[in-house]
Structures are given as C-alpha cells and as structure tokens.
There are 2 protein chains.
Amino acid sequence: MGAGQMAIDRSFSVAVSGVHDASLDGEIQRFVARLSRQTGIPFRPMTSTPKLQIHAEHKREKVQKPGEDESYELSVAEAGATLSAPNPLGILRGLETFLQLVEITRSGFAAPAVTIKDQPRFPWRGLLIDVSRHFIPLDVLKRNVDGMAAVKMNVLHWHLSDDQGFRVESKKFPKLHEMGSEGMFYTQAEIREFIAYAQDRGIRVVPEFDIPGHSRSWFLGYPELSSGPGPYSLEGGGVDPIMDPTRESTYKFLEKFLAEMAKLFPDAYFHIGGDEVDGKQWNANPKIQAFMREHGMKSNQDLQAYFNQRLQKILAKNHKSMVGWDEILHPELPKTIVVQSWRGQESLATAARQGYRGLLSFGYYLDLMWPAARHYAVDPMSDAAATLNADEKSRILGGEACMWAEWVTPENIDSHIWPRNAAVAERLWSPQTIKDVQSMYTRLNAVSLELEWVGLRHRLARIQMLHRMAGTADIAALRVLSEVVEPVKDYDRWPDSKGPIDFHAPLTRMIDAVSPESDVARQFHDLVTAFAQSGYKDQAIEAQMRARLALWRDNDAKLRPVLEQSALLQEDVPLSKDLSGLGAAGLEALDYLDKSQTPPDSWRAAQVALIEEAKKGNADLLLMVAGPIRELVEATATSARHSTQ
Amino acid sequence: MGAGQMAIDRSFSVAVSGVHDASLDGEIQRFVARLSRQTGIPFRPMTSTPKLQIHAEHKREKVQKPGEDESYELSVAEAGATLSAPNPLGILRGLETFLQLVEITRSGFAAPAVTIKDQPRFPWRGLLIDVSRHFIPLDVLKRNVDGMAAVKMNVLHWHLSDDQGFRVESKKFPKLHEMGSEGMFYTQAEIREFIAYAQDRGIRVVPEFDIPGHSRSWFLGYPELSSGPGPYSLEGGGVDPIMDPTRESTYKFLEKFLAEMAKLFPDAYFHIGGDEVDGKQWNANPKIQAFMREHGMKSNQDLQAYFNQRLQKILAKNHKSMVGWDEILHPELPKTIVVQSWRGQESLATAARQGYRGLLSFGYYLDLMWPAARHYAVDPMSDAAATLNADEKSRILGGEACMWAEWVTPENIDSHIWPRNAAVAERLWSPQTIKDVQSMYTRLNAVSLELEWVGLRHRLARIQMLHRMAGTADIAALRVLSEVVEPVKDYDRWPDSKGPIDFHAPLTRMIDAVSPESDVARQFHDLVTAFAQSGYKDQAIEAQMRARLALWRDNDAKLRPVLEQSALLQEDVPLSKDLSGLGAAGLEALDYLDKSQTPPDSWRAAQVALIEEAKKGNADLLLMVAGPIRELVEATATSARHSTQ
C-alpha cells in the first residue's frame, strides 16, 4: 500500500508501449468499457496525458498454453498508474486487478496507491461447465467466461457430451448432434467463435467428450458403438450404456471423430472423461467377456485401460495430451496424461507419486451446494498431497471447479457458479497461506458486486425467479424467507434411489432460486458467537439479533397468503411457519438471558424439539438459522452461561 | 370472463391455420420463448393436441401501414384457446394479450377463461426516442421495441438528428455522420436490420431529421448549409444554428440526402422536425433578410413555411408523407402533411379543423418526470379536440410518447420510459372511457413485471445504479430513501438560465437512478386518505402508517455513513435528514390523533415549517411523502378532525 489515491474521472485514459497487437487493443477497449460501466463515466478518447501506462514485452502465444506467463506488475500512484507484464496475458490479469481496486470514495472514483507484483500459484485454474444435462447457450457461457477472466481463471473445461446430450456439430458423424441433442448443440462456426472469445480473455477451452461411459447420447445415432442392445433414448437415468472397446470399428469411428474434434479445438489438451464406467453392459455381453479372456484382462478396469491406451495413441497422433478423470489412472498409460481427481485428494497424490500430472476437482463441486468457505479450505497441496516431495508436487498443475448441470438452467446457472467460484479461483491463484475465511467473505462480497458489472446475472436472476413464483414484484416477505434457507447438500435433492431425473422439468422452485449459501444465516451466526463472547451482555449485538428474530417471527403472517396462492410456493408453507417459530424461540431465549433467568428444562426441551424439527427442512431446503438459534436456547441453561463467562 | 381457466404446463403447444409465412413463424417462436421465460417451463415440440389454435386470414403488408388492421379475437377455455385475426399483425397483438393473461395460480400457471374482441382506438400509437442528445445503441432500442410491442404500440419515432449528434450513416454525405456523431451512429446495414426487427414486431419506424433548426450537428461537416458564420461544434447549448432556406444549394443537398434516406426508411411517413426555429441566425443574416423582402415574407414563420413547402415537394417525389412538429402548420402547406402537436392540445384541434391530420404529444413527454396518472389523463380527443365534429376528429391519428434524451443514457433509458409508457399506450389503444386511475396503477404494476420478462432493465438497472453509488450491495437504507423521492419536474433540473447542458457528464446521481414516480409515496398518500375517511380511527391503517413513518424516522442513522463516504451520495445528506424529520412529525401527529388531543399551535407551526422546508427538496429531488405527512399534521387541528367526522 502506498499513500493517497489516483482519481478516476473523465480525464482517465490509457496508453500502450512495447508490443501491440489486435488482441491487446481489444483487451484495452473492453477494460475501458468495463470501467465505464462500473463508474458510469462515459470516457472519450482524450488528448491529455494518459493516466494508465501499459507495457508488454512480447506477444502472447497464438493458442494459449498452460504455464504461459501470467505475471504482471501494477503500480498506482496519485499522478498515474503503470501496468507491465511479459505479455498481454499478464496485462489481462493486471487490468482485472486494477478494476478491483477502483472504488467510490468521498472525492469520487479512485484507485488506492499500491505496488503489486503478482503471479499465479498454479498454471491450471479451471471451471468445468456441463452443457449436456441442461444445454447452456453461448451468450450465457460468454458472460461466465467474462466472470472467469475477472477472477483470473484460465481454463474452461467444456463438458460437451454425456448421457443426456451431445452438444457439438460433427460433420463426419452428423447423427451425433442431430439425434443426440434435441436440436440443442453448437455449430462448429459457433465453437470457433467462442474459443476465440475465450482466448481473447486469457481462457483456454479444453473440450471433454466423456467415454466410454456417460455416452448414451452417442448411441441414438450410432448404436453400433455401444456394448448393449439398445435402443437408446436421451431420457432415463443411470450410467449403464457404455461404448464397446473390443470392436475395431469403435476405434475407426473414434479416429475419424477425434481427428475432426482435434482440429476444431486448438488446445493442446483433450479430455476423454473416463469416469463412472460401471461395466454392466460389458459384463452382460458375451463377446466382450470372450475378448477380455482372450487378452488376459482380469477386470473391467483393465478393459478400460486398454481402451484408454488406444485413445491416447489416437490423441497423440493428433498432437493432443490426454486428460481424464481419476479412473483412467493405470500403470499402462504413459506419463504424458493428466489425471483429474474427483473422488478424493488421495488419488491426486497417488498419481503424482507415480509420475502423472494431476488436477484437483474433489472439493470443488459447485453443484453440491457447499458454502464458499468449504471449497476455499480445500487446497491441491494439502491432505494427501502435503507429504509429496517437491518433484511430485510440481506435477500438480492446479484444479477445476465443476458445475455439473443436473439442476441448472441458462436462467440460474450464474447463481450456482457465482460468487462461490471466486473462492476456488483465489485458492488456485494465491499462496496457500492466504486462508482467512472472514477476509475471504469480505472480498467475496466485493467481487460479487463487481461481477454484476461484468454482466453476470447471479443476483438479478434470483430476484426475477422470486417475482415469477410470487406473481408479483412485491416480494419483501418472500425474500426474508429465501435469504435464510439453503438447498439441501450433496446429492440429497435427488438420491439415486429416486430413479432417473427428469431433465425436462422446469427448475422454478424456491430451491432453484435461492443462494447455495445464506449470507444472512452466516451473519446471524457471527452475531450469536459475538454475543456469547460478550458473556451475553453486548446490548448493541442483542438489538441486532432481536430485530432479525422479530422479522422472522412476524414474517409468516405476511408471507402465508403469497405462498398459498402460488403452486410454486405452496411447498414452502411449513418452512415459513418454522421460521416464525424459530424467531419466537430466539426472542424468548434472549428474554431469559436478559433476566439471567434459567428457564424450566421443559421450556428448553420444547424449543430444542421445535428447532430440530425445523432443522430437517422442507421442500429440499434447510433453515440455516436453526443452528445459531439453538445455540441461544442452549445458552439459557445455567451451565452454558457459566462456561462462557 | 368465462368460467375456469386453461392450464399452461409442459403440454402447451401452438398450431397455426390460415395464412402462414416466415413472419408469423417468427412471431410464434418468440411468443413461446417469452412464455417459457415467464413461466420457467422449457416447452418442447409436442405431438399432443395443440392448446392454442392460431388463425390469420391473409398476410400482412410488406411494409406496415398506418391503419393496417390490428384487430383480433381471443377465446380461452379450459380445454384450449383460439386466436384469430384478419392478419398476423392482429395475431401479434393477441399473443401479447395472451401473455398478459397467464399468471401463477394455486394449481400452476394458467390463463383465465375469457372471450376478447379487441382493436385499437387510434391507428398511430407511438414512442419517440431521441438518440441524438445521448446515443442509444441498437440492443437497447431493440428491447424497447419489444416493450412497445408488449403494450401494443405500433410506431417508433426515431429522432435521429439534433444539435448534439447526427446518428445515421449517409453515403451521399459522409461528413454528416463522420463529423457529427463522435463515432456514435448507426450504419445503413444496422438500420435496415433494425427496421426489419421492428416490422416483425408490428412496429413502424418513422425517421426524424430535425430541420431547419436543431441541426447544428449537420454543420460540422457541411457548414455551407447554415445561416450563420460558424464554426460549429457539438458542444454548447441553445438552438441558434439553423439551415439557410434561401440558397438553392440547400435544396440540392436535401434532395440528394432525402432521396437516400427515403430509400433507407421504407415507412410512408417521414418526419422533418421543424420545431423551435428561433430565427436568430436568419435575423442576423443580411442575405436572408434580403431574400425575405424580395419574396414578400413578413415573418420567419413565412420563411419556414417556404422551406417546408420545398421539403414537402421533395418528400412527395420520394413517395413520403411529411410529418412535422406543430410549428409547421401553415395554410400554404398541403393537407397531406401530418402535424405533431407538442405545444398544446389546441394546436391539434386547430390543425384538424383546417383539414390536417394530427398526432398528440403534448402531455406525453416522458422526460418531464410526470406520474403515469398525469399522462394517462391526457386524451387526444379531450380538451380542445372535444368540440371537433366527427370528420375533424377522424383526422386525429393518435399520439406519441416522447423520450427526449437530455438526461438518459443506455443504462437508465428503460427506467425513464417504463412502465409509464404503458399508460400512454393504453390511452391510445383503449376506449376514452377507460380512465380509472387506481385500476390503471394495478395493471401498470403487472405490466411492469411482465416487461422484465420481455428483457427491459427498468427495475434492475435502478438497483445496479444504487450499488454503484453506495459501493456495496448492502443498499437497504439507500433504497428506503430512493423510493420516497422523485426527480424535480418539467425543466427544473436544468433551466435555460443555467446555460448549455454538458452531454458528456456521467448521469450517476440519485436523480438518475430513482423512478420518475414514487409508488411508496402514492401508497402512503392513499393510506392517509383512507385513515382520514375512517375518522382517524382505523387501527390497521394506522399500524401500516406507523411502520412506514418509523422506518423513515430511523433511516437516517443507518444511511448517513453510506451517504458520507460516497462522492455520488453526499448531496443527498440533507434529504435523508429531512426524511427522518418527516417520519418523526408524522408519528407525533398520530400520537395526538390517537389521544384526540389538539396539540399547541406552536407544535403544528413548527411541523409545517419543517415539512415545507423538506418539500423544497435537495439534489434535484423532491421528498414525495412531505405532502401526505402535512395532511396528518394538519388533521391534528380540532377543526380538521371535526370536518371529517
């Protein structure tokens, strides 16, 4: 930190020295437009002295490479700022930092005086977006790429095929997209344009075609690729349909197909999936069983390794390094492959020890509805990886957040990715030692707001969805409820036992609109903790808690008529009632604490029963204030009060 | 109204009979996409029985005509709906009605059973958008065209040139856009694409090139057209620069230019402006004075009429009917012209009496920050027009709302147009007898929400602007203040005496973000009125008022720190303080009313003084709750209480 600040006003302009190409010009134009949106200042070409001097030494790679230098140095002083980097990629990262520095102050918009020397910890900082289970149009992907650039991520892992849809136009095998996408796919021209868009923003695009499992959508057009009898449809669940790795025709198909895709996707890495091969079709197919016996294969894993070896050779011929989920790890595969760990950090460490490069996704699944802090706590170098030697550690390239699309649509995908993805992005960019959670949340709030100016709809879409449910814009009481609940976690929304998910159902319930993480509940919990630390004496904190609790207690009366008149909200009636009860319980607990009275055990037992009932949730939502309110109720026991004083 | 309702669920689909063309297919695709956004249901092509049967008799005109049939009949029953119309234009209007009917009910989305036979009262229902003073990009215009279609307007009056900018690419005279637009203009290809977009949505595009006044932007490239010496720049105020109507070269220029534009804009009408010709340059130019003497012209109005006659002939040669502001009305002009009245309803009636067709815009200026009810009360057939005979009345084609762009940017233009423009649209579509204001506001609220699904940002942009001002998303207290203020009215923000407006200044103040009309203040006024009608006894109403008043009284303490730390909000500190005082005054007044006590005159005098001071406003904003709170204070006088009991 330096002294003072640099004003951002109408006289702001940018000058460039060093290398200069169309990509850098585009960067700067976008930067000025963003700064203009953020500040509302309509900048015009100026003749005055430029306020921001930009200097890049040499050009970027035509196709961005993993490990390409992303470092930059940014210096802001009252009179002006300079940003220098080895190449325009570092300039991109530095411009994002500059935008984060600009804030409204008493004297106008300004960036504080600072000197920053910055570079990423990991070369591979990615976000997977699954476009198979729910198709996500390119405009939505583009704004998410903008968001990734804003938090300095550098890989979009595009999960392009799965059981529920094949999303890429293939000219060699047109029945893939014609029969496997219900008309929802990207043309090759669109893909090329999108990759250029991402490259301009410093984001590599790594395609994934998930084989041999997760491949039902291929078999609608080409059933001969499958290990089972068919017929196949996009509907239905499970991961049973699987490619037949024993037929040469499968490899002939894949050779042609992968050659086509290798040309379409310029990145040096190519993801072949490889996860969750349950092998039921293999077990049931006598020809496949005979093949395995013939080749001395002892398990389906051996068969998959054989398949992967063949794939790897095809990819190598097309100048691609193969990436796959951790199931592909097998001693017969060459060390050039990259293993993406989703089942645990152990497999990442194992791969590194065996000489394989790896990526961490375990702990970064955004679809599991975890709070940002939980993702933030997961570090690719911690747990099993902590014991690796330096050489082994160097094989850990980074990680990827994963947005699996069972429960997201173009409407709500932004709010499932953001702002939590920013916490993963920081984990992968910043030193391992940066891990203060309070500080992370403070900065996450700021980033969340910035992402609005980037064009993401994570906050606004939520409001619109509540409008839809309520049938009115008068949603004050509905917001109160929606802000203290969270979706159920992990796979609790739809356990496998429920059978196949209906991917054509509307996603318009409260669970689809609310934040994966309740800021209000977290803040209330912080209040309860601070109140306990004050020996239940801090009156300012108590007043804040009482205001919240009274709001919750009284909310049901206002909200009930809204909930009852809407088919989309009726399931939330019990939640609203429970919130009211929780508010009342919390207020009564505070009354006892105020009077230093120990309530009868029967009162406490009744409250705890009510709270535990509320905690179970309803409509796939959890009432996140139940926990902290239970802490208040329990504090009314003499022993609890003593222990904190 | 019939009985029951038609469910809108995943089985919904549309079938078409009668004429069928690409335009109708596009209509239906957009309709289904809108319905899907609104309900969140991902409709897919269905094989089941279609729920909505559409039938159009014959095709639309290739270029939409004023007076083209827009009628339709819509019948909704439990089993299904039918929509029929003479042509796809009527289908467009009927589909918008259908979308308005769909709402969330206890059993899901549904449209109530109804039979509707509908057609517009006026053939010309327009919105003028000024893109000269602030350039408005095409994506913003497009979503506003979508909004116009949603409220069944049918003319976009595109105010394309004015002193501050010339916004159309001219191939014949490229210095018009090159030197007159600061690079912000529409290419001819963009214009053609935009006109097709509007035509698809049943909207005619009528271009306006405002001459001979309001034309400074022309003179940067072509100073020889002007009546004064120049040099000219886009900066600066006034309307002095004016074309020279006495030189033949001016008409040679205009002949070429208008021929080019007549081809670019297919509509049969062409607007030449003609307003506010102050004539100072004419008075100061000896050659022009000599010309007038030579031709026996007694006034500048005669000279303008001469100019307009020449223009009218050029336009007629290009098969265009001339439209102009009411200043063009002059007995020497043929009856084919259309007069747009902005200075009063009298001029509309006068034109109709003289045999001219006319449009009303007086009373529909959205930039004057009037409440919707005030625009809604203005009817083209009322006031001076009420005394016209049937023949004369038939010459009144309709009206246009006007969005002059002194104070709008691409960011906030939606919120200056919507939802108020919907009130003007209804005025021009529905019978004159439909004028209940309470009902209008109920429907306006519903339409405002619907316009969010159309894609307009009138509500969301306001929130983002408050985020920017506050530098945080935590804007609860800021919203409380922002929702009880309105911008100053008419031209009070910038009286002519202040000199030229700076059109390059950021529009990021509170006045730029707030609604032209405070719903909260209107609702509070309704409460005060209802409370008075109850003899100051209705406790439920009083409780609602007290909650509001306490919120206002206590808001300043929360808001002050936010206001003080932002350069954009500091000017609002006095407003926040005044609101707090108003809240306290209102609460004290209620205390007196509760106790049936008459407070000392000195108390009342002090409150009235405080209220009147608050009423003056600050930062170009008016505190709209001052009025109703004064009513409460005055009611504490014995006489007031008696008079209402």
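The values are calculated or read from the model by the stated rules, or taken from the named source; none is laboratory data. No experiment lies behind these values; they were computed from the predicted model shown. Positions of Cβ are backbone-derived with ideal geometry, glycine not excepted, and every protein chain shown enters the neighbour counts. Side chains included, ligands, DNA and RNA excluded: accessible areas come from the protein's heavy atoms. Shrake-Rupley method; radii C 1.70, N 1.55, O 1.52, S 1.80 Å.
Per-structure values
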quantity: Shielded residues, the stretch B:552-579 - accessible-area loss of 20 Å² or more between chain alone and all protein chains, probe 1.4 Å; calculated: B:Glu564, B:Gln565, B:Ala567, B:Leu568, B:Gln570
quantity: Of all chain B residues, the one whose C-beta is nearest the axis that brings B onto A, in angstrom; calculated: B:Leu460, 3
quantity: Computed [θ] at 222 nm, deg cm²/dmol, the protein assembly as shown (DSSP H ≥ 4; -39,500 (n - 2.57); rounded to nearest 500); calculated: -13500 deg cm²/dmol
quantity: Loop-located GluC sites (Glu not before Pro) in the stretch B:331-406 whose Cβ has at most 12 other Cβ within 10 Å (DSSP); calculated: B:Glu332
quantity: For B:Phe109, distant residues with modelled amide H under 5 Å away; calculated: B:Ile8
quantity: The stretch A:117-135-the stretch B:485-544 distance, computed between alpha-carbon centres (Å); calculated: 47 Å
quantity: Accessible area buried at the A-B interface, both sides summed, 1.4 Å probe (Å², nearest 100); calculated: 3300 Å²
quantity: Selection of trypsin sites (Lys or Arg not before Pro), the stretch B:37-75, meeting DSSP coil and at most 13 other Cβ within 10 Å; calculated: B:Lys62
quantity: For A:Leu622, residues with placed amide H under 5 Å, excluding near neighbours; calculated: A:Glu486, A:Val488
quantity: Extension reserve of the B:Glu248-B:Ser17 stretch, reckoned as 0.36 nm per residue once the Cα distance is removed; calculated: 77.5 nm
quantity: Reduced Cα scattering model of the stretch A:443-593, Debye log10 I(q)/I(0), q = 0.12, 0.20 Å⁻¹; calculated: -0.63, -1.29
quantity: Estimated vicinal HN-Hα couplings, Hz - the stretch B:379-391 in sequence order (Karplus 6.51, -1.76, 1.60; Gly, Pro = x); calculated: 10, x, 9, 9, 6, 4, 6, 4, 8, 6, 7, 4, 5
quantity: The stretch A:510-645 - percent of accessible surface contributed by carbon and sulfur, probe 1.4 Å; calculated: 52 percent
quantity: Loop trypsin sites (Lys or Arg not before Pro), the stretch B:555-645 (other Cβ atoms within 10 Å of the site Cβ: 11 or fewer; DSSP); calculated: B:Lys595, B:Lys616
quantity: Heavy-atom accessible area, 1.4 Å probe, ligands and nucleic acids excluded: residues of the stretch A:496-512 down by at least 40 Å² from chain alone; calculated: A:His504, A:Pro506
quantity: Phi to ³J(HN,Hα) by Karplus 6.51 cos²θ - 1.76 cosθ + 1.60 over the stretch A:519-534, Hz, x for Gly, Pro; calculated: 5, 4, 5, 4, 5, 5, 4, 4, 5, 4, 4, 5, 5, 4, 5, 7
quantity: Cut-off under 5 Å, modelled amide H: who pairs with B:Asn285 long-range; calculated: none
quantity: Estimated dipole of the stretch A:18-113 in Debye, rounded to 20 [Cβ of Lys and Arg +1, of Asp and Glu -1, Cα centre]; calculated: 380 debye
quantity: Sites B:Glu564 and A:Lys171, calculated FRET efficiency, Cβ-Cβ separation with R0 60 Å, nearest 0.05; calculated: 0.45
quantity: Separation between Cα centres of the stretch B:581-614 and the stretch A:166-185, rounded to whole Å; calculated: 73 Å
quantity: In order through the stretch B:187-200: 3J(HN,Hα) via Karplus (6.51 cos²θ - 1.76 cosθ + 1.60), integer Hz, x for Gly, Pro; calculated: 6, 5, 5, 4, 5, 4, 5, 5, 5, 5, 4, 5, 4, 4
quantity: Residues of the protein assembly as shown: accessible area per residue with a 1.4 Å probe, Å²; calculated: 38 Å²
quantity: DSSP beta bridge pairing in chain A, given as percent antiparallel to the nearest 5; calculated: 35 percent
quantity: Cα-based Kirkwood hydrodynamic radius, the stretch B:269-411, one decimal, Å; calculated: 16.6 Å
quantity: List of the stretch A:68-105 residues, accessible area with partners at least 40 Å² below that of the chain alone (1.4 Å probe); calculated: A:Ile104
quantity: Accessible surface, 1.4 Å probe, highest first, among residues A:Phe253, B:Phe135; calculated: B:Phe135, A:Phe253
quantity: Cross-link partners of A:Lys287 among lysines (Cα-Cα below 18 Å; sequence separation of 8 or more within a chain); calculated: A:Lys298
quantity: Beta bridges by DSSP in the protein assembly as shown, antiparallel share as percent, to the nearest 5; calculated: 35 percent
